[in-house]
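The values are calculated or read from the model by the stated rules, or taken from the named source; none is laboratory data. None of these values were measured; they are calculated from a predicted model. Please note: Cβ atoms are built from the backbone with ideal geometry, for glycine as well, and neighbour counts cover all protein chains shown. We work out accessible area using only protein heavy atoms, side chains counted, and drop any ligands, DNA or RNA first. Shrake-Rupley method; radii C 1.70, N 1.55, O 1.52, S 1.80 Å.
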Amino acid sequence: MELISLPVSPFAARVRIAIYAKGLPIDLVPPPADWRESRRFRDLSPTGRIPVLLDDRGPIWESAVLLDYLEERFPEAPTLMPVDAFDRAMARLLVRHVDLYLMPPMVVLARPGVEDANARRAVKDLLDGVAMLDGLLKGPRYALCDRLTIADCALAPALFAIRVTAERLGMDLIEAGSLTETYGRLSGRDPHVGRVIEEMEEGLRHLVRLG
């Protein structure tokens, strides 16, 4: 089994955290050099997006789906779901929150030459999405309980990407001293989260070297 992944992708990063935390025998492979235009890659990922899990029965895409699939496919591995039914729903809600309210404006802000009006709207949407997190998070190190869950897999890489974007834009996108800001700093103390954040940092340094 293989995961097509890129180091800096927050979507791929969440799946790598799950793979490391569960100790799964899944190899990480890069996409082909021409993956954005590749018809062959589109056969694996019809949306043309990363990550893609190459399972024995065929490819699976969409990172939130992959988090659920790894839970079900490897029930003997450490679970990344809370025990309580309400907390399990909240874990899925936080993953959904990242996908609906954090990453879409981040994608807009990452586009080269984005128009000022679109950028301003994206910043507002992102600030609104970040502000909502303080009411969803339960702890300063883990999002919902005293251990890693799928919520952390999704949220920690997204907050890292937001911090990088904030530095690039010269803006404060996460309120200093907020629970979200504290969580963003402390979540990396989990060894699996920390490992992936280091991979993202190295990936960014590599992109800078390439110019």
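If you go through region 154-168 one residue at a time, do you hit one that is modelled with pLDDT of 95 or more, in contact with a helix residue (DSSP H, G or I) (Cβ under 9 Å, 6 or more places away or on another chain), hydrophobic (A, V, I, L, M, F, W, C) and more than 26 Å from Pro51 (Cα to Cα)?
No, region 154-168 contains no residue that is modelled with pLDDT of 95 or more, in contact with a helix residue (DSSP H, G or I) (Cβ under 9 Å, 6 or more places away or on another chain), hydrophobic (A, V, I, L, M, F, W, C) and more than 26 Å from Pro51 (Cα to Cα).
Would you mention how many residues in region 11-49 are part of a loop (DSSP other than H, G, I, E, B), out of contact with any strand residue (DSSP E or B) (no Cβ under 6 Å at 6 or more places or on another chain) and of a type outside the set (Ser, Thr, Tyr)?
13
Please identify the pairs in which a residue from region 47-76 that is under 16 Å from Met1 (Cβ atoms) has its Cβ atom under 7 Å from the Cβ atom of a residue that is acidic (Asp, Glu), counting only partners at least 6 apart or on another chain.
Hits for this filter: Leu54/Glu2.
Across region 6-38, which residue is surrounded by the fewest Cβ atoms within 10 Å (Cβ to Cβ) among those that are of a type in the set (Gly, Ala, Ser) and more than 12 Å from His192 (Cβ to Cβ)? Explain how you work it out, then say what you get.
Here is the first cut: in region 6-38, the ones of a type in the set (Gly, Ala, Ser) are 9, 12-13, 18, 21, 23, 33, 38.
Right, trim to more than 12 Å from His192 (Cβ to Cβ) and you get 9, 12, 33, 38.
Numbers: Ser9: 19, Ala12: 27, Ala33: 7, Ser38: 15.
If we take residues in region 6-38 being of a type in the set (Gly, Ala, Ser) and more than 12 Å from His192 (Cβ to Cβ), then Ala33 is surrounded by the fewest Cβ atoms within 10 Å (Cβ to Cβ).
Provide a single number: the residues in region 147-187 that are among the aromatic types (Phe, Trp, Tyr) and either without any contact (Cβ under 8 Å) to a residue 12 or more places away in the chain or open to solvent by 10 Å² or more (accessible area, probe 1.4 Å) (or both). Quick ask: steps written out before the conclusion?
In the first step, residues of region 147-187 are kept if they are among the aromatic types (Phe, Trp, Tyr); the result is 160, 183.
In the following step, the residues that additionally are either without any contact (Cβ under 8 Å) to a residue 12 or more places away in the chain or open to solvent by 10 Å² or more (accessible area, probe 1.4 Å) (or both) were identified as 160.
Going through region 147-187 one residue at a time, the tally reaches 1.
Here is a check on your reading of the model: is Met81 surrounded by 13 or more Cβ atoms within 10 Å (Cβ to Cβ) and assigned to a helix (DSSP H, G or I)? So that I can check it myself, show each step before the final result.
Values: surrounded by 13 or more Cβ atoms within 10 Å (Cβ to Cβ): yes; assigned to a helix (DSSP H, G or I): no.
Against the criterion (surrounded by 13 or more Cβ atoms within 10 Å (Cβ to Cβ) and assigned to a helix (DSSP H, G or I)), Met81 does not qualify.
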